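As structure tokens, the structure follows; a few thoughts come after it.
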Amino acid sequence: MKLGNRVYDVAAIGSHYALDKDHCFPVLLSIKKGADRLALCPHWGKEGHTSLTSAKHTTPKDFNSAKVNRDRDMSVPVEKDDGGQPKGKKQKIK
Ligand SMILES: [Zn+2]
């Protein structure tokens, strides 16, 4: 699953933290805080996805996003798709 500038192996993360396969990983892995994370929920309003404390939105007690981001079994940086744009150069919006 791609989120921000990393690609997460949600199967590996899920098994590491004993989460359901259908856990709401975008909400779990978001760097946003509090209710802002819910903006990433792809199943908003469905059972288990109705609030921050819903079953699929819980954060495991020992969850450590820094570890997930460090552990290459759980996430890797997004491969830059080199579209020929020089790095750091912003495209002007016309
Ligand atoms: Zn959700």
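If the Cβ limit is 7 Å and pairs must be 6+ apart or interchain, which residue in the range 13-34 that is more than 19 Å from THR53 (Cβ to Cβ) pairs with which residue that is in a loop (DSSP other than H, G, I, E, B) and more than 9 Å from the ligand (Cβ to nearest atom)? Qualifying pairs under 7 Å: ILE13/MET74; GLY14/LYS21; HIS16/MET74; ILE31/GLY4. The one condition from (1) surrounded by 15 or more Cβ atoms within 10 Å (Cβ to Cβ); (2) more than 12 Å from the chain's Cα centre (by Cα); (3) closer than 22 Å to SER75 by Cα that HIS49 does not meet is (3). Checking every residue in the range 28-51 against the condition of being in a helix (DSSP H, G or I), near the ligand (Cβ under 10 Å from one of its atoms) and in contact with a helix residue (DSSP H, G or I) (Cβ under 6 Å, 6 or more places away or on another chain) gives at least one match.
Any read-out appearing in this document is the output of simple, stated calculations on the displayed coordinates, not a laboratory observation. Since the structure is predicted, the reported quantities are computational estimates derived from the model, not experimental observations. Cβ sites come from the backbone with ideal geometry, for glycine too, and all protein chains shown count toward neighbours.
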